[in-house]
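One structure below.
The values are calculated or read from the model by the stated rules, or taken from the named source; none is laboratory data. Remember, predicted model here, so these are calculated numbers, not experimental data. All Cβ positions, glycine included, derive from the backbone under ideal geometry; neighbour counts span all protein chains shown.
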Amino acid sequence: MVANNTGPKITQEKATVRVMIYLYCHKKHHTPHNQLCDECNDLLQYAMQRLTMCRFGEEKTTCERCPKHCYRKDYKLKIKQVMRFSGPRMMIYHPVMAMKHLYKNLIKK
């Protein structure tokens, strides 16, 4: 079965991942705020595709708490780097989004 997740929870998850990748790329690769380097753009496209096709759909937890990781090993390492770097900085640059993500992580334990 092919999933095509477009609900509000997946849309919010996509927005969070997008912001985290942009923040990482801007700070680490010194790109302008509205641009990504090729490597980060590739990661973003992969992450969006994975979220769109997620088998859990609107019942999805955060990726950290997911019982079935769907990222290829190389992309999994890249997204972990992004999240480790961007996660703490989200409280400064996007506090509401960060709090929503933390809350989602806590209630799905």
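Residue-level analysis places Gln35 among those that are modelled with pLDDT of 90 or more, part of a loop (DSSP other than H, G, I, E, B) and loosely packed, with under 13 Cβ neighbours inside 10 Å. Summed over the range 1-32, residues that are free of Cβ contacts under 8 Å to residues at least 12 places away in the same chain, touching a helix residue (DSSP H, G or I) at 6+ places or on another chain (Cβ under 7 Å) and either surrounded by 14 or more Cβ atoms within 10 Å (Cβ to Cβ) or at positive phi (or both) total 1. One residue stands out in the range 72-109 among those that are assigned to a loop (DSSP other than H, G, I, E, B) and out of contact with any helix residue (DSSP H, G or I) (no Cβ under 6 Å at 6 or more places or on another chain): the one that is surrounded by the most Cβ atoms within 10 Å (Cβ to Cβ), namely Arg72.
Out of the range 42-58, which residues are over 17 Å from Thr16 (Cβ atoms) and assigned to a helix (DSSP H, G or I)?
Within the range 42-58, just Asp42 meets the criteria.
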